[in-house]
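A short write-up of the structure that comes next.
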Amino acid sequence: MKFIADEMLGKLAKWLRICGYDTAYFRHIRDSELLRISVAEKRLLLTRDTLLIRRRGLKNFLFISYDEPVDQIKQVIRELDIPYPSEPFTRCIMCNNLLEAYTREEACRDVPEYVCKTQEVFGRCPGCHKIYWKGTHYERMEKILRELF
Ligand SMILES: [Zn+2]
């Protein structure tokens, strides 16, 4: 299941990435480009834009009815009948890339000392080079995921 989210759905896109779903999102993108990518890459378009749907006669889309990100993700889970993600925390939240394995030794050159001392497993985004580990932020997000599904 692959998605592309419109400009208004940045937080939803992040949550789908946290779940491990391939979700394209661009902060500034023309409607025509949004639709082109949706078709070319077979991505379900998630949109808040009723005009876009009507004007273009879209078929492969899900209209998001809510303003709050938590309600938006619940809607997607409900309407697409998505099970609890099998591979959460495998993508970069910022750029959607799959994270690469990063050894503790490598990571310890770049992360704060206490992280190096307390964490075992690291991942790195090949695009923006952001390093991920299972810290308190991770635990908080995991708790939210369990509540969502
Ligand atoms: Zn990244």
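Just a few scattered comments:
- A DSSP coil position with no more than 14 other Cβ atoms inside 10 Å describes the following trypsin sites (Lys or Arg not before Pro) in region 44-73: 59.
- Amide H contacts of residue 46 (H built 1.01 Å from N, under 5 Å, at least 5 apart or other chain): 4, 5, 6, 62
- Filtered trypsin sites (Lys or Arg not before Pro), region 94-149: DSSP coil and at most 11 other beta carbons within 10 Å: 109
- Sorted largest first, the principal axis extents computed over the alpha-carbon atoms of the chain equal 55, 30, 22 Å.
- In percent, rounded to a whole number, the relative contact order of the chain is 21, using alpha-carbon pairs under 8 Å and six or more apart.
- Förster radius 35 Å - calculated FRET efficiency between residue 84 and residue 29 (Cβ-Cβ, nearest 0.05): 0.70
- The long axis of helix 136-148 is offset from the longest Cα principal axis of the chain by roughly 40 degrees.
- Mean accessible surface per residue for the chain, computed with a 1.4 Å probe while every protein chain stays in place, in Å²: 62
- Against the criterion of solvent-accessible heavy-atom surface with a 1.4 angstrom probe, 142, 87 sort, most first, into 87, 142.
- Computed from backbone phi, the HN-Hα couplings of region 7-19 come to 4, 7, 10, x, 5, 4, 4, 4, 5, 5, 5, 4, 5 Hz, rounded to whole numbers (Karplus: 6.51 cos²θ - 1.76 cosθ + 1.60, θ = phi - 60°; Gly and Pro given as x).
- Estimated inter-spin distance, residue 74 and residue 141, nm [label 7 Å along Cα→Cβ]: 2.1
- Pair residue 40, residue 128: separation of 7 Å Cα→Cβ label points (nm): 2.3
- Less than 5 angstrom separates the built amide H of residue 130 from those of 125, all sequence-distant by 5 or more or on a different chain.
- Cα-projected label distance for residue 22 with residue 95, points at 7 Å along beta-carbon direction, nm: 1.8
- Coil-residue GluC sites (Glu not before Pro) of region 48-136, DSSP, other Cβ within 10 Å capped at 14: 120
- Each other residue within a Cβ distance under 9 Å of residue 31 adds +1 if Lys or Arg and -1 if Asp or Glu, for a net charge of 0.
- Whole-Hz couplings from phi, Karplus 6.51/-1.76/1.60, listed for region 93-105; x for Gly and Pro: 5, 7, 10, 6, 5, 5, 6, 9, 5, 9, 6, 4, 4
- Counting only protein heavy atoms and a probe of 1.4 Å, the accessible surface of the chain is 51% carbon and sulfur.
The values are calculated or read from the model by the stated rules, or taken from the named source; none is laboratory data. Because the structure is a prediction, the values reported are computed rather than measured. Backbone-built Cβ (ideal geometry, glycine too); neighbour counts: all protein chains shown. Accessible surface is based on the protein model in full, side chains and every heavy atom, while ligands, DNA and RNA are left aside. Shrake-Rupley method; radii C 1.70, N 1.55, O 1.52, S 1.80 Å.
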